Amino acid sequence: MAIKFDSRYPSIDDLRTKAQKKIPKFAFEYLDGGCNEDVNLLRNTSELRDVQLKPNYLRAHVGASLKTKLFGIEYDAPFGIAPVGLQGLMWPNSPEILAKAAFEHNIPFILSTVTTTSIERASELTEGKAWFQLYHPTENRLRDDIIHRAAAAECPVLVILCDVPTFGFRPRDIRNGLAMPPKMSIQNILQVLGKPHWALETLRYGQPNFENLKPYMPKGLDLKQLGKFMDQTFSGRLNAEKIKPIRDMWKGKLVLKGVASEYDAEEAIKLGIDGIIVSNHGGRQLDAGESTIKPLTTIAEKYGNQIEVMMDSGIRSGPDVARAMASGAKFTFMGRSFMYGVSALGKEGGNHTISLLKTELQQVMEQLCCETTRDFPDHLIK
Ligand SMILES: Cc1cc2nc3c(=O)[nH]c(=O)nc-3n(C[C@H](O)[C@H](O)[C@H](O)COP(=O)(O)O)c2cc1C
């Protein structure tokens, strides 16, 4: 796919500003916010940006390639699209737009259980390349059914999540009535009326639904019943007893997302998991927690030769990807960056954001004198 971005939006921050103007306040705040006082959210980016890299200008250089192998698959860049729930609320059809762009740019796209397109549709759009993130169902029957669907859709990687034993405490969403169950207050309706493009696109694509869960949901649920259904259907707290049967059942690669401690990394290795994403859910769960760059550095150093260590949370640019990789990540993911892109630019947003990040990262590699994305750690200033 040709690398092409709109020169009016040459940074993720430009996309964020545009997204804020284009989508209703309740949707923007759901995307943009962290939890409690946003301390962890802000730390993620600021502490990642404390990482500094050293260039070697006079070293022989034969060119830089962004291509990166992960789980035996060669991707065109060392970053992918993290799973985000309720994507269609922020921009109609956004999971489809992002899945397609990821496929065309040959980077991974992870579909969330609770987003607004189905496993089957994501697989069709990516020719079986989409990864799937499972929220842990309470009932084994439902767990098995969803896992079988992901296998039938040929998802190469299943991602399970350990950082949602409880929902994050998010004051904006509570104020906006977006805590489960979501509600359409007069205030929210007024916000929609102020965003005509978003409203028209929503009319065109219809009200977003939890497409993965449709087969299991009783028909005609009102919003209150929907909230109850979600609470009863999922039990976020993971443990070894819940992970073992998934490991036995899933023949593809298994990734644990939300690891932020050495203890959890060690458990993952013992349970035969193939990779971990060091992540704090983009600062949406534990406001008193560390930024991800801190545990990443120790976890990658200690366990990087036993398990694939990846990272997300706080990454907003090519230099940020380079900082994470220099600190030991073998691969990186972003949630908000891509959602800002699609919310700002609609169907052009996926291609734009991926192109922008690829261009920025290529520039960093040329500066540092990196030939491959595995060379970043040589440039870390310790
Ligand atoms: C609006 C929103 C919804 C999210 N929903 C999910 C989800 O359904 N499943 C999941 O594993 N992670 C979810 N995440 C976390 C992301 O996968 C990812 O860890 C996080 O966005 C990374 O931080 P960043 O946004 O700073 O890149 C969500 C994040 C955001 C911002």
Next on the checklist: Check which residues have an amide H placed less than 5 Å from Phe79's amide H, if you skip close sequence neighbours.
Outcome noted: Thr332
Item to check | Built amide H within the under 5 Å cut-off of Lys257, gap 5+ | outcome: Ile160, Leu161, Cys162, Ile277
Checklist entry - Hey, any idea what % of the chain's accessible area is carbon plus sulfur with a 1.4 Å probe? => result 53
Checklist entry - What ranking of Glu29, Glu348 comes out by heavy-atom accessible area, probe 1.4 Å, highest first? => result Glu348, Glu29
Checklist entry - Top mean-square fluctuation among Ile73, Ile160, Ile273, Gaussian network model of the chain, C-alpha springs under 10 Å? => result Ile73
Checklist entry - In whole Å, what is the distance between the alpha-carbon centres of region 2-49 and region 78-92? => result 13
Item to check | Karplus-derived HN-Hα couplings along region 121-129 (A = 6.51, B = -1.76, C = 1.60, θ = phi - 60°), whole Hz, x at Gly and Pro | outcome: 5, 5, 5, 4, 5, 10, 6, x, 9
Checklist entry - Which of Val342, Val159, Val192 moves most in a GNM of the chain, Cα contacts under 10 Å? => result Val192
Checklist entry - For region 204-217, in order, what is each residue's ³J(HN,Hα) by Karplus, 6.51 cos²θ - 1.76 cosθ + 1.60 with θ = phi - 60°, in whole Hz (x at glycine and Pro)? => result 4, 8, x, 4, x, 10, 7, 4, 5, 9, 3, x, 9, 8
Checklist entry - Over region 96-220, with a single point scatterer placed on each C-alpha, what log10 of the ratio I(q)/I(0) does the Debye formula yield at q = 0.09, 0.15, 0.22 1/Å? => result -0.33, -0.89, -1.30
Item to check | For region 100-105, 3J(HN,Hα) per residue [Karplus equation, 6.51 cos²θ - 1.76 cosθ + 1.60, θ = phi - 60°, Hz, x = Gly/Pro] | outcome: 5, 5, 4, 4, 5, 8
Next on the checklist: Can you tell me what share of the DSSP beta bridges in the chain is antiparallel? A percent to the nearest 5 is fine.
Outcome noted: 15
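Taking 1 over the mean of 1/r across every pair of different Cα atoms in the chain, what Kirkwood radius in Å do you get? Mind dumping the intermediate values first?
On the way: mean 1/r = 0.0477 Å⁻¹.
One decimal place: 21.0 Å for the Kirkwood radius.
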Checklist entry - Can you list the residues, at least 5 places off or on another chain, whose amide H is less than 5 Å from the amide H of Arg170, using H built in the peptide plane? => result Asn36
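How would you order 100-113, 38-51 from highest to lowest mean count of nearby Cβ atoms within 10 Å? Before the final figure, lay out the partial values.
Working: 100-113: 23.1, 38-51: 18.4.
Result, highest mean first: 100-113, 38-51.
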Checklist entry - Using alpha carbon centroids, what distance separates region 251-322 and region 140-213, in Å? => result 24
Checklist entry - Between the DSSP loop rule and a limit of at most 13 other Cβ atoms within 10 Å, which trypsin sites (Lys or Arg not before Pro) in region 1-41 are left? => result Lys4, Arg8
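With every protein chain left in place, what is the accessible area per residue of region 257-382 in square angstrom, probe 1.4 Å?
Values: 4110 Å² over 126 residues.
Computed with neighbouring chains in place, this is 33 Å² per residue.
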Item to check | Point-charge dipole on Cβ atoms (K/R +1, D/E -1) for region 190-267, about Cα centre, debye to 20 | outcome: 380
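How do 296-302, 213-219 rank on mean C-beta neighbours within 10 Å, highest first?
Working: 296-302: 20.0, 213-219: 12.0.
Ranked from most to least packed, the peptides come out as 296-302, 213-219.
Helix-only mean residue ellipticity at 222 nm, the chain, DSSP H runs n ≥ 4 weighted -39,500 (n - 2.57), per residue, nearest 500. What is it? Mind showing how you got there, number by number?
Values: 17 runs with 168 residues, N = 382.
Calculated mean residue ellipticity at 222 nm is -13000 deg cm²/dmol.
The values are calculated or read from the model by the stated rules, or taken from the named source; none is laboratory data. Small disclaimer: the values here were computed from a predicted structure and weren't measured. Here the Cβ is made from the backbone with ideal geometry for all residues, glycine too, and neighbour counts use every protein chain on show. These accessible areas exclude ligands, DNA and RNA; they are computed on the full protein's heavy atoms, side chains included. Shrake-Rupley method; radii C 1.70, N 1.55, O 1.52, S 1.80 Å.
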